[in-house]
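A quick write-up on the structure given underneath.
What follows is calculated from the coordinates using simple rules that are stated; it is not laboratory data. This one's a predicted model, so the numbers in the text were calculated from it and none came from an experiment. A quick note on method: Cβ atoms are made from the backbone with ideal geometry, for glycine too, and the neighbour counts reach across all protein chains shown.
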Amino acid sequence: MTGEPGTMEERLADVRRRLALACAARGRAEDEVLVVAVAKGFGPEAVEAAIRAGLRVIGENRVQEAREKIAVCPSSARWHMVGRLQTNKAREAAALFEMIHSVDSTRLLDALSRAMELEGGTKDVLLQVNVAGDSAKAGFSPGDALPAVRAACGMPHIRVRGLMTVPPFTPDPEGARRHFAALRELRDRLAGETGADMPELSMGMSNDYEVAVQEGATMVRLGTALFGARSGGNSWRRRIDAD
């Protein structure tokens, strides 16, 4: 699915309608699914429009881009890191983001734990799992997920809240269904084996979020469905990239 034409309010209304249908198909309540508005490449004015429309959680792919926006966007926004995070950015990310969806290594877990020890507090994270075995995607392999959860459970400043995945893109959203189901099944098994409280499944983007919700997603990461198509000529993004 691509972004619908019209205003942010109209696009969000369309997303809400589709979410409601997807939830109803599985006997779920719509409020079980959190919409994360992924503002990658869009400026603060787009974030402000999302907040005016009723969205509260903004997703970012890059620490630098988030830093620039957080400084000028309404304080009511809550920020989630959804892109790949380098370990040398862990301390800044820990300070900027309420939750980090994309923890893909025990090295990054360690870096975030050390950062939060200095900050004082606990950071909510999701472990990114490469359920499809896609060489182009980051994440723990399904076989490495159990020791990663156990390692995280031993870190007093880290709280694993669930799993995240980015399946290979397919024109037909149904092509992603088996990957979403595999993540749900893995989460259930890991929670059972470790006793960790892992309610969250961050899966589904603009082209396949309805299928993800049918398979148990509790968070969907939507960019073009809410903000419209990204443009390589986005002047705000060019300025950030040039810094």
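Using helices alone, I'd like the mean residue ellipticity at 222 nm for the chain: each DSSP H run of four-plus residues gives -39500 (n - 2.57), total over residue count, nearest 500.
-12500 deg cm²/dmol
Could you give the radius of gyration (one decimal) and Dmax (whole number) of the Cα atoms in segment 8-229, in Å?
16.6, 46
For the peptides 163-169, 59-65, what is the packing order when you average, over each peptide's residues, the other Cβ atoms within 10 Å and list the highest mean first?
163-169, 59-65
Using label points projected 7 Å from each Cα along Cα→Cβ, tell me how many nm separate residue 114 and residue 76, to one decimal.
Once both label points are built, they end up 3.9 nm from each other.
Starting from the Cα of residue 69, draw a straight line to each of the lysines and keep only those under 24 Å, dropping any in the same chain fewer than 8 residues away.
In chain and number order, the partners are 40, 89, 123.
Label points 7 Å out from Cα along the Cβ direction at residue 230 and residue 150: separation in nm?
That separation, rounded to one decimal, is 3.8 nm.
Ranked highest first by average number of other Cβ atoms within 10 Å, how do 104-110, 73-79 line up?
104-110, 73-79
Under the Karplus relation 6.51 cos²θ - 1.76 cosθ + 1.60, θ = phi - 60°, what is the ordered set of whole-Hz ³J(HN,Hα) values for segment 211-216, x standing for Gly and Pro?
Working through the residues one at a time gives 5, 4, 5, 4, 9, x Hz.
Among 201-211, 39-49, how do they line up by average Cβ neighbours within 10 Å per residue, starting with the highest?
Peptide ranking by packing, descending: 201-211, 39-49.
What FRET efficiency comes out for residue 169 versus residue 84 if R0 is 22 angstrom and r is the Cβ-Cβ distance? Round to the nearest 0.05.
Efficiency computed from Cβ-Cβ geometry: 0.85.
May I ask you to list the residues of segment 168-205 whose amide nitrogen lies under 20 Å from a point 7 Å from Cα along the Cα→beta-carbon direction of residue 135?
168-170
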